[in-house]
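Chemist: Dropping a structure here in structure tokens format, bear with me for questions.
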Amino acid sequence: MTLGIVALDAADYDLARDWGCENMLLETHRELETFAYSGENPNTLEVWTSTATGVGPEEHDLASTGEQQQWHNPVLEYASKAAPYLLPKEVRIRIGTWLRGDSGGGDGTDGGGGDVGMTLRQTSHSHLFQPDGRVVRWWPGVTPAEHLSETWHWLNLASNDEITDGELWRRLYGNAGLETGWLLGMGTADVAVAGVHMHVLDAAGHAFATHPDRLRAVYERVDRLLGAVRERVDELLVLSDHGMQVEWIDGDSEPGFHSWRALASTTLSDEPPASVFDVRDWVDEHAADSDATRAERRPAVMDTTEEQLRDLGYLE
């Protein structure tokens, strides 16, 4: 059995219910208790790292009180260490945007930014994806999560009119397809747990907090993607780190800022976790021991000989 986990960034429990998103809100669902540490509202890097580790930022050491990203290029990374002492944040952002350029896969290429790309910092704390038979992709705090750095970069380009609105959303939906597609593949790979992070709803929430029709359209598209995943994994757990304040919900005083309406839902009959700090234990309890656990310890079976692989150019 494969338990698929979708870390659906910024999926708001109230909005998902209002818009009937049946694949975000599975057979059992609830509002998920989240937290804020370095600011007044929940923070993406802090919460997702805590979700994976089961501990707070004071233990996993990824509090968002400084730079959350790091450069691929070691020279740029070294320079970035000194930059906060020498340059205002606005200047650093402009320089970083210039260095990265239009690195975004708009022509169908990988949008990683090459030598001037950026990734998120990662915790050294143990987390729920480390046991044999568990895999993870793009999860903030435990992987480089290049897609998150890409999203922030693309939003900055769009805000400066360096890419069009249409190009921005082609890139964001392209990444959403990569994320769900990876989980579809893992659903056939005999792994016990497969977790992936999706960021498109967070970008949409910030962009459309005063445009209900546009935000609803993104929710409905993402819900359809989740429906495809739901058909291909044995069981599914959908989580968010926070929601998004919007102008049409009473009490939301800061549209475009993170709300506290995170969600948890699952296809399993048991209740989903109540808090982001409960997720790791919940997964440990519900994840089945798959054949992948034993397969991790077995040598690979390869009918093709080393000589044949060398002739084909796979080996030097």
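The values are calculated or read from the model by the stated rules, or taken from the named source; none is laboratory data. Just so it is clear, the model here is predicted, and its values are computed rather than measured. All Cβ positions, glycine included, derive from the backbone under ideal geometry; neighbour counts span all protein chains shown. Side chains are part of the model used for accessible areas, which takes the heavy atoms of the whole protein and leaves out ligands, DNA and RNA. Shrake-Rupley method; radii C 1.70, N 1.55, O 1.52, S 1.80 Å.
Matching residues to (1) over 26 Å from residue 268 (Cα atoms); (2) surrounded by fewer than 22 Cβ atoms within 10 Å (Cβ to Cβ); (3) charged (D, E, K, R):
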position	(1), (2), (3)
132	no, yes, yes
153	yes, no, no
158	yes, yes, no
181	no, yes, no
184	no, yes, no
201	no, no, no
205	yes, no, no
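Chemist: Another question, then. Checking the conditions here, which among 224, 214, 297 is open to solvent by 20 Å² or more (accessible area, probe 1.4 Å), at pLDDT below 95 and at negative phi?
Modeler: Sole residue among the options that is open to solvent by 20 Å² or more (accessible area, probe 1.4 Å), at pLDDT below 95 and at negative phi: 297.
Chemist: Is there any pair linking a residue in region 224-251 that is without any contact (Cβ under 8 Å) to a residue 40 or more places away in the chain to one that is part of a loop (DSSP other than H, G, I, E, B) and among the aromatic types (Phe, Trp, Tyr), with Cβ under 6 Å and at least six apart or on different chains, and which?
Modeler: Hits for this filter: 245/257.
Chemist: Still on this model: Out of 256, 243, which single residue is surrounded by fewer than 22 Cβ atoms within 10 Å (Cβ to Cβ) and under 16 Å from residue 219 (Cα atoms)?
Modeler: 256
Chemist: Now for a separate question. Pull out all pairs, ordered by first then second residue, where Cβ-Cβ is under 6 Å, the residues are six or more apart or on different chains, the first lies in region 50-70 and is within 18 Å of residue 152 (Cα to Cα), and the second is at pLDDT below 65.
Modeler: Correct list of pairs: 70/77.
Chemist: So, restricting to helices (runs of 4 or more DSSP H) that lie completely within region 21-100, which ones have at least 3 residues that are at pLDDT below 95 and over 30 Å from residue 225 (Cα atoms)?
Modeler: In region 21-100, the matching helices (runs of 4 or more DSSP H) lie at 74-86, 89-100.
Chemist: Also: Could you tell me which residue of region 190-228 is farthest from residue 148 (Cα to Cα), considering only residues that are touching a Ser or Thr at 6+ places or on another chain (Cβ under 9 Å) and of a type in the set (D, E, K, R)?
Modeler: Filtering first and then ranking leaves 190.
Chemist: Filter region 116-149 down to the residues that are in a helix (DSSP H, G or I), within 14 Å of the chain's Cα centre (by Cα) and not charged (D, E, K, R), then identify the one that is nearest to residue 204 (Cα to Cα).
Modeler: Filtering region 116-149 for residues that are in a helix (DSSP H, G or I), within 14 Å of the chain's Cα centre (by Cα) and not charged (D, E, K, R), the one nearest to residue 204 (Cα to Cα) comes out as 148.
Chemist: Pairs only if they're at least six apart or on different chains, beta carbon under 8 angstrom, first in region 123-145 and in contact (Cβ under 8 Å) with a residue 24 or more places away in the chain and within 11 Å of residue 193 (Cα to Cα), second surrounded by fewer than 20 Cβ atoms within 10 Å (Cβ to Cβ) and not hydrophobic (A, V, I, L, M, F, W, C); list them, first residue then second.
Modeler: 128/284; 131/293; 132/293; 132/296; 132/297; 133/289; 133/293; 133/296
Chemist: Out of region 1-43, which residues are of a type in the set (D, E, K, R) and open to solvent by less than 10 Å² (accessible area, probe 1.4 Å)?
Modeler: 9, 12, listed by residue number.
Chemist: So, restricting to helices (runs of 4 or more DSSP H) that lie completely within region 150-238, which ones have at least 2 residues that are of a type in the set (Ser, Thr, Tyr)?
Modeler: Output list reads 165-186.
Chemist: Among the residues of region 278-293, is there at least one that is at pLDDT 95 or above, crowded, with 16+ Cβ neighbours inside 10 Å, in contact with a helix residue (DSSP H, G or I) (Cβ under 9 Å, 6 or more places away or on another chain) and assigned to a helix (DSSP H, G or I)?
Modeler: The answer is yes, given that some residue of region 278-293 is at pLDDT 95 or above, crowded, with 16+ Cβ neighbours inside 10 Å, in contact with a helix residue (DSSP H, G or I) (Cβ under 9 Å, 6 or more places away or on another chain) and assigned to a helix (DSSP H, G or I).
Chemist: Is one or more of the residues making up region 168-177 among the hydroxyl-bearing types (Ser, Thr, Tyr) and either open to solvent by less than 60 Å² (accessible area, probe 1.4 Å) or at pLDDT 55 or above (or both)?
Modeler: yes
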